[in-house]
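Inspection log for the structure reproduced underneath, given as structure tokens.
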Amino acid sequence: MNHQSLDTIANVAITLAAFSGVVVAFRVRGARTWSPTELRVLWFLVGDSFLVLFFALLPLPMDLANWSTDVIWGLCSALLGSWFFVGFFLALRGERRDRAAQQWITIPVITPVFNGIYLIALVMGIVLWLSVFDLLVSRGQAIYVLGLIVLLAFAAVEFMYFIGLMSKQDRDE
């Protein structure tokens with residue numbers, strides 16, 4: 001097992017989680033006046049960052065307990081793949097609710113990327129679950145690390161949403 005790649009991803013996740021604090025600090029108004037869209041994206045930003053950290057560290061105790069690599073990567077891929085499905089449905093449900101309440105806040109460039117993220121999350125969940133059974137995709141650290149990188153990319157786009165939101169507010173004022 002390559003512990004260095006997991007350690008690197010965990011460090012990046014911690015850094016991104018810290019940046020989410022910067023997002024909150026730079027917001028002009030209090031959290032109570034945030035729109036449902038902004039709150040959902042913030043929860044995903046913090047949640048995805050900490051989930052990357054959790055999933056990057058998850059294989060380590062299993063390896064220390066001398067579990068077989070097939071069991072480690074199968075279980076870890078199943079759990080990460082499951083999160084992609086859960087995250088996909090939570091995000092989709094939240095977006096639909098915001099649109100129905102006419103509270104959907106769009107950011108040029110970033111909002112269309114979110115639509116791509118939904119599709120990527122669904123595909124990544126399927127790929128990770130296929131790897132659990134060694135169907136079309138080999139079970140192992142490579143596909144798992146790819147899943148972590150994709151989840152980290154989601155958190156980065158969520159962070160960019162807030163940068164775009166601040167830029168949009170500056171233009172509107």
>> Please determine whether any residue of region 133-149 is in contact with a Pro (Cβ under 9 Å, 6 or more places away or on another chain), at pLDDT 90 or above and among the polar types (S, T, N, Q).
In response: yes
> Which of the residues that make up region 98-131 are open to solvent by 20 Å² or more (accessible area, probe 1.4 Å), of a type in the set (S, T, N, Q) and more than 20 Å from Trp83 (Cβ to Cβ)?
Replying inline: Gln102, Gln103, Thr106
> Identify, please: which residue in region 70-108 is outside any helix (DSSP H, G or I) and in contact (Cβ under 8 Å) with a residue 40 or more places away in the chain and is, among those, nearest to Ile163 (Cα to Cα)?
Replying inline: Ile107
>> For region 132-147, which positions are open to solvent by less than 20 Å² (accessible area, probe 1.4 Å) and either part of a loop (DSSP other than H, G, I, E, B) or more than 12 Å from Trp73 (Cβ to Cβ) (or both)?
In response: Gly140
>> If I ask for residues that are over 18 Å from the mean Cα position of the chain (by Cα), open to solvent by 10 Å² or more (accessible area, probe 1.4 Å) and touching a residue at least 12 places away in the same chain (Cβ under 8 Å), which ones from region 50-69 would you list?
In response: Leu60, Met62, Asp63, Thr69
>> When you scan region 28-41, do you find a residue that is under 12 Å from the mean Cα position of the chain (by Cα), part of a helix (DSSP H, G or I) and either modelled with pLDDT under 90 or more than 14 Å from Ala155 (Cα to Cα) (or both), even just one?
In response: yes
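The values are calculated or read from the model by the stated rules, or taken from the named source; none is laboratory data. What you see is a predicted model; the values in this text were computed from it and never measured. Cβ: placed from backbone, ideal geometry, glycine included. Neighbour counts: every protein chain shown. Note: areas computed on protein heavy atoms with side chains; ligands, DNA, RNA excluded. Shrake-Rupley method; radii C 1.70, N 1.55, O 1.52, S 1.80 Å.
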